[in-house]
Structures are given as C-alpha cells and as structure tokens.
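Colleague: Pasting a structure below so you can have a look.
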Amino acid sequence: MKILFMGTPDFSVHTLKSLVNAGHTITSVITQPDKPKGRGHKMAHPPVYDCAAEMNLTIHQPETLKNNAIADILDAEKPELIVVVAYGKILPEYVLNFPQYGCVNVHASLLPKYRGAAPIQRVIIDGETETGITTMYMAKGLDTGDMIEKAVVKITEEDTFETLHDKLAETGAKLIVSTVSAIENGTAVREVQDDSLSCYAEMITKETARIDWDKSAHDIYNLVRGLYPVPKAFTFMDGTQFKITSGYYRDYEGSESPGTVVEVSDNYIRVACGNGSAFDVTGIQPEGKRAMSVNDYLKGNEVKTGRIFN
C-alpha cells in the first residue's frame, strides 16, 4: 500500500521501520521542523528525520499544515493511507479527507481512556496496571475516531516512563502492520468510542512534576516513575531544587509533618509522607548537577534528620 507517514519522536521510529519492513511503499515522511537541542542549542533533526534519511525516504518538514500547506505533496504522491504516530500537530480536514483509506493513528493507550498528549506518563502516575496501543481512524476531535485494533501491555511496579515507552513503541509497530493488512483486505472493523468511558491525559507541566509530600508515598513513587527520565519529579530543600530519580514507598507511623527527613542511611533518605507512609529517596539530582545515587550524594553532602523537602 502507498502510505504517507507522519511522525516526530523516537516513539514513531519503530512504526516507520515496521511499515517499511512489511513491504509497504512510503511515499514520503512528514515530520516537525528541526529544533535546538542540548546545552549548545544546536539545531537537530527529529528522530524520525534521521530514521527516514537512513532509509533514503523523501522527507518534508513543513512549518504548518494550515492553508493547504501540504496539498501539493498529497496531489503529487497520492497516498492511499496516511499513518500518523506522535506527529505533534492537528491534521486539517483537507489532509484527513484525502487518502482513499483515510488517516490512521497509533495511540499509546487503550482508548477511550487516556486521550490526549501524555498517556504514557499519566497511566503510571495514576497507578494503572495495564495500558496498550489502539489503532484508530482519525477524526476532527482529539483521539475520538473509530477504533480498529487494540493490544494490551501490562505495567509492572518497576516500569518507568522510559521502559513503558519502549514497550508500547514496539507493540505499536507490530499492531500497525496488522491494522494496515486488515484495511487492505477490507476486514478492518470500526468500533465507535464510548465517550462516557474517556479520560484526558493532560500535558505534563512543571506543576505536575513538583512532589506533594502530603500525598501517599505510593502516589509519589508513581509520580517519580512516570516522569523518569524526563522531566523528572522535583522538590526543594532550603530553596535548592532536587530532582528525585528513584526511590520506594513504605508504611510509616511517625508523627513528623510530610516532607520531613526522618532517617538517613548510606543508601536512602527517608521522607515522611501523607496517609501513614514514607518515601525512601535512593536517586537524586541536585540543582545544576548530574543525577546520582543517594549513596554518592551523601559522600560529599550532609543531610540531617528534621530537614524539610517542600
């Protein structure tokens, strides 16, 4: 099948490779414009650009899709299907309506739950035990189109945003091949989403990442996992920001206020939390420094009981 592919981050790369390996013709790849990256703020290609270049595919990086910006590309290439994976912009109607078989999205949740921008982070933060991939026909609404296929992915207690991202990317790459085959064969089944079962995975903001020590240690553990390795959950002590990269939760019956350091050992800093619990910080990143274990941090820094994270 002739497919126009639209995607930007690492998550999209797996799907692009999978479609090529399955023998489909990629008419071209549309990805976001280059952006500054790293401390030097040098302009860098999106991951999908680099992948497409390695495979000698035609690449377009339009600044916008509005005002028929890619109409000439569509007319020249005449894709039968458009596959969209984390492209990062809303598709206008002239794009949605162009291909014979429509536009299909690979979404990283079990729709209709977790529509929106940050489904992978939010399922971990919310303490879900499973998520998955949904392939769907794209419509004007945000992740509201008819569903085609689903694949369930279990979330373990040890999963972080990084590990779950990779599992879902691989799952999505496999599922899209099945979905495209069903579309080609005329066997794809459209299932309308039940809006009453939906929830919105809001974009991660700086406020999202700030630890609220009044919450249970289990909730804080989920936040830390859901935001690792980027942007990382953070807190303050004496006006200095500390990002928390790892830790674990436990029951705690002390009377100290949430955020209070109640014990310091070689390998953890135990912090009182809400609901009769405590969080053992095992990985930390002081402001302006690299991430490190608490063991390494304590070799050059002293943290006394009674100090406050807030």
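Colleague: If I compute solvent accessible area with a 1.4 Å probe over the protein chains, what percent of it on the chain is carbon and sulfur? Walk me through the numbers before you get to the answer.
Modeller: Working: 7150 of 15180 Å².
Answer for the chain: carbon and sulfur cover 47 percent of the accessible area.
Colleague: Here is a further query. Nearest 5 is fine: what % of DSSP beta bridges in the chain come out antiparallel, could you say? Working shown, then result.
Modeller: Values: 40 of 59 bridges.
Around 70 percent antiparallel, to the nearest 5.
Colleague: Oh, and also: Could you give the distance between the Cα centres of the stretch 1-76 and the stretch 194-208, to the whole Å?
Modeller: A separation of 27 Å, based on Cα centres.
Colleague: Measure off 7 Å from each Cα along the Cα-to-Cβ vector at residue 56 and residue 157, then give the distance between these two points in nanometres to one decimal.
Modeller: 5.2 nm
Colleague: With every protein chain present, what accessible area does residue 191 have (1.4 Å probe, heavy atoms only), rounded to the nearest 10 Å²?
Modeller: Number for this one is 100 Å².
Colleague: Okay, next question. Taking only protein heavy atoms into account and a 1.4 Å probe, give the accessible area per residue of the chain in Å². Write down the numbers at each step before the final one.
Modeller: Working: 15180 Å² over 310 residues.
Ligands and nucleic acids excluded, the figure is 49 Å² per residue.
Colleague: Just how much of residue 225 is accessible, in Å², when a 1.4 Å probe is used and the result is rounded to the nearest 10?
Modeller: Here the accessible area works out near 20 Å².
Colleague: Then there's this: What is the packing order of peptides 73-85, 105-117, taking the mean over residues of other C-beta atoms within 10 Å and listing the highest first?
Modeller: Numbers: 73-85: 19.2, 105-117: 22.1.
Most protected by this proxy first, the peptides run 105-117, 73-85.
Colleague: With n ≥ 4 as the cut-off for DSSP H runs, can you work out [θ] at 222 nm for the chain, using -39500 (n - 2.57) per run divided by the number of residues, rounded to the nearest 500?
Modeller: Numbers: 9 runs with 84 residues, N = 310.
One gets -8000 deg cm²/dmol as the mean residue ellipticity at 222 nm.
Colleague: Let me ask something else. Evaluate E = 1/(1 + (r/R0)^6) for residue 93 and residue 128, where r is the Cβ-Cβ distance and R0 equals 25 Å; express this FRET efficiency to the nearest 0.05. Before the final figure, lay out the partial values.
Modeller: Numbers: r = 33 Å, r/R0 = 1.34.
After rounding, the FRET efficiency stands at 0.15.
Colleague: Also, quick follow-up: Could you name the lysines in cross-link range of residue 35, using Cα to Cα under 24 Å and dropping any fewer than eight places away on the same chain?
Modeller: 17, 66, 89, 206, 232
Colleague: Treat each spin label as a single point 7 Å out from the Cα along the C-beta direction, and report the residue 304 to residue 76 distance in nm.
Modeller: 7.0 nm
Colleague: Which semi-axis lengths, in whole Å and largest first, follow from the square roots of five times the eigenvalues of the Cα gyration tensor of the chain?
Modeller: Details: eigenvalues 366, 90, 48 Å².
Equivalent ellipsoid of the chain: 43, 21, 15 Å, largest first.
Colleague: Under the Karplus relation 6.51 cos²θ - 1.76 cosθ + 1.60, θ = phi - 60°, what is the ordered set of whole-Hz ³J(HN,Hα) values for the stretch 185-198, x standing for Gly and Pro?
Modeller: 7, x, 9, 5, 9, 9, 10, 5, 6, 8, 4, 5, 9, 7
Colleague: Report, in degrees rounded to the nearest 10, the 0 to 90 angle that the Cα long axis of helix 10-21 makes with the longest principal axis of the chain.
Modeller: Helix 10-21 sits roughly 30 degrees off the main axis of the chain.
Colleague: Could you check the simple spin-label distance between residue 192 and residue 63, using points 7 Å along Cα→Cβ, in nm with one decimal?
Modeller: The two pseudo-label positions are separated by 4.2 nm.
Colleague: I've got another one for you. Report residue 150's accessible area, 1.4 Å probe, all protein chains in place, as a number in Å² to the nearest 10.
Modeller: Its accessible surface works out to 100 Å², give or take rounding.
The values are calculated or read from the model by the stated rules, or taken from the named source; none is laboratory data. Just so it is clear, the structure is predicted and the values come from calculations on it, not from any experiment. We place every Cβ from the backbone using ideal geometry, glycine too, and count neighbours over all the protein chains shown. These area figures cover heavy atoms from the full protein model, side chains too; ligands, DNA and RNA do not enter into them. Shrake-Rupley method; radii C 1.70, N 1.55, O 1.52, S 1.80 Å.
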